[in-house]
Amino acid sequence: MLNVPTVPTVPTVPRPHAVLSGFSLLALLPVLLGLLVMGTLAARPALADQVRGSQLQVMRTLDVAGAWRITRGAGVKVAVLDSGVDPRHHDLAGSVFTGPDLTVGANPRGVAPLRLHGTYMASLIAGHGHGPGHSDGVIGVAPAAKVLSVRVILEDDEPGFHDFNSEARFENVVARGIRYAVDHGADVINMSISKDQPTRQERAAIRYAISKGVVLVAAAGNDGAGRKDGPYSYPASLPGVISVAAADRGMHKASFSNRNSLVLLAAPGVDIFGAGPGDQYWVGRGTSQATALVSGVAALIKAKYPKMSPALVAQALTTGATRRPYRGYDPGMGFGVVNAARSLAEAARLSRHRHTASGAGVQDADLPMTAGTSTSPSALPPVRVVRRDTGMITLYGGVALAATACAGASLTAVIVLVRRARRVREHREHDEPREPQPGWRQRAPT
């Protein structure tokens with residue numbers, strides 16, 4: 001469970017009923033899957049155009065202006081697997097398709113979902129602003145994209161949160177959400193969620209999504225504070241998923257961001273402004289926000305190159321990253337900070353290639369992993385477990401060490417004896433009288 005301070009909610013206009021001063025960010029964090037947001041600022045009112053101004057630094061870091069010369073994401077659908085999205089928020093109105101609520105039965109009947117975290121993430125991906133020229137409010141990385149909202153988690157303040165986290169019937173809601181998103185036209189799936197272990201169904205759903213050309217982006221996790229390495233979180237750490245870390249204002253790894261060898265790249269994740277339900281605005285920090293920004297860039301790539309495989313999209317994102325680590329890769333920041341314009345340029349270079357397997361030997365991603373081909377779903381052979389006797393290992397290791405010590409002692413003794421024999425021989429040769437040699441002159445004693 002994350003330790004989360006409060007985060008501000010910011011109204012579009014200073015209306016008394018719109019201000020939720022000091023509201024706990026735990027409302028943002030349903031953590032069956034550890035929703036990844038942490039707030040840092042005190043509550044304060046602001047106008048929507050002030051929100052847009054607060055986004056400028058992040059947008060410059062991502063170079064979205066350069067990317068928008070090519071595409072703004074039209075024609076792409078991004079599935080947001082989260083706590084639900086408010087389709088009436090004026091920065092998202094007309095851009096949201098509401099999918100199923102897979103958490104039904106966790107909350108008491110008649111309790112409406114809060115939809116805070118999901119709305120926040122959706123606005124960073126596809127917010128289009130409002131007002132004259134859409135110049136006010138939140139603008140997303142792909143403002144012309146559409147959002148498919150699939151509710152797969154509850155937020156901490158919802159009354160069914162405990163039941164949702166503890167009941168087995170909700171164990172595979174994420175897997176079901178992934179499959180629903182794929183089957184309903186998603187090009188990118190954003191998962192600003194995290195948990196300790198994946199299920200078999202989630203692994204299969206991710207294989208299914210990748211086989212259909214869908215890009216999966218997930219949060220690396222917010223449990224990195226005070227840790228040199230780790231932990232790993234899921235679904236971000238599953239093969240084929242783009243794992244996103246959070247960068248601070250200086251474009252270094254944020255202290256809370258997880259550090260592990262499966263982090264692919266980073267994005268800004270500190271003091272990120274976004275929309276909340278009821279035309280509210282929020283600011284927070286976490287790998288959730290960084291993940292949504294990367295999903296927006298992935299949406300831009302898929303808008304321009306709709307047939308590009310997930311593997312090539314990931315390659316474009318990593319190759320186009322800026323602030324690259326000194327040695328090329330770092331477990332805290334991956335291959336660097338995502339850059340929309342550079343990633344699109346790399347995608348253009350990669351677009352003539354294909355990176356999908358085909359043929360008779362290709363595994364059907366919708367079937368379990370098998371020992372044979374996709375047409376013969378025989379069971380995998382049992383995994384052979386090798387159990388090592390630690391006691392015998394210790395015994396043999398001790399014997400080996402003792403033998404090594406004895407060998408060393410014997411060698412030392414041989415060296416000492418050889419040297420001693422040499423000194424005795426030299427001493428005897430020095431003490432023996434020497435016979436005069438022919439031709440030597442004898443001197444009389446003086």
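Observations, loosely collected:
- Scanning the range 239-251 for residues that are surrounded by 20 or more Cβ atoms within 10 Å (Cβ to Cβ) and assigned to a loop (DSSP other than H, G, I, E, B) yields a single hit, 241.
- Qualifying positions in the range 79-99 - of a type outside the set (Asp, Glu), open to solvent by less than 40 Å² (accessible area, probe 1.4 Å) and either in a strand (DSSP E or B) or free of Cβ contacts under 8 Å to residues at least 60 places away in the same chain (or both): 79, 80, 81, 95, 96, 99
Conditions (1) open to solvent by 100 Å² or more (accessible area, probe 1.4 Å); (2) outside any loop (DSSP other than H, G, I, E, B); (3) modelled with pLDDT of 90 or more; (4) of a type in the set (Gly, Ala, Ser), marked per residue:
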site	(1), (2), (3), (4)
403	no, yes, yes, yes
410	no, yes, yes, yes
420	yes, yes, no, no
425	yes, yes, no, no
428	yes, yes, no, no
438	yes, no, no, no
441	yes, no, no, no
446	yes, no, no, no
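- Candidate set: the range 56-68, residues that are closer than 26 Å to residue 214 by Cβ and open to solvent by 30 Å² or more (accessible area, probe 1.4 Å); chosen: the one nearest to the chain's Cα centre (by Cα): 63
- With respect to the conditions (1) over 15 Å from residue 190 (Cβ atoms); (2) open to solvent by less than 10 Å² (accessible area, probe 1.4 Å), residue 201 falls short on a single one, namely (2).
- Where residue 109 falls short, out of the listed (1) open to solvent by 60 Å² or more (accessible area, probe 1.4 Å); (2) in a helix (DSSP H, G or I): (2)
- Residues considered: 72, 44. Of these, the only one that is charged (D, E, K, R) and at pLDDT 50 or above is 72.
- Meets criteria (under 21 Å from residue 98 (Cα atoms), open to solvent by 20 Å² or more (accessible area, probe 1.4 Å) and within 22 Å of the chain's Cα centre (by Cα)) for residue 176: yes
- Qualifying residue in the range 165-172 (condition: charged (D, E, K, R) and more than 22 Å from the chain's Cα centre (by Cα)): yes
- The lone exception for residue 212 - which of (1) open to solvent by 30 Å² or more (accessible area, probe 1.4 Å); (2) farther than 30 Å from residue 70 by Cα; (3) out of contact with any strand residue (DSSP E or B) (no Cβ under 9 Å at 6 or more places or on another chain) it fails: (2)
- Residue among 129, 213 that alone is in contact (Cβ under 8 Å) with a residue 12 or more places away in the chain, assigned to a loop (DSSP other than H, G, I, E, B) and on the phi > 0 side of the Ramachandran plot: 213
- Every residue from the range 253-277 that is open to solvent by 20 Å² or more (accessible area, probe 1.4 Å) and touching a strand residue (DSSP E or B) at 6+ places or on another chain (Cβ under 9 Å): 253, 259, 262, 264, 270, 271, 273
The values are calculated or read from the model by the stated rules, or taken from the named source; none is laboratory data. These numbers were taken from a predicted model, which means no experiment stands behind them. Because the Cβ atoms are built from the backbone with ideal geometry, glycine has one as well, and the counts that use them run over all protein chains shown. Calculation scope for accessible area: heavy atoms of the full protein, side chains included, ligands and nucleic acids excluded. Shrake-Rupley method; radii C 1.70, N 1.55, O 1.52, S 1.80 Å.
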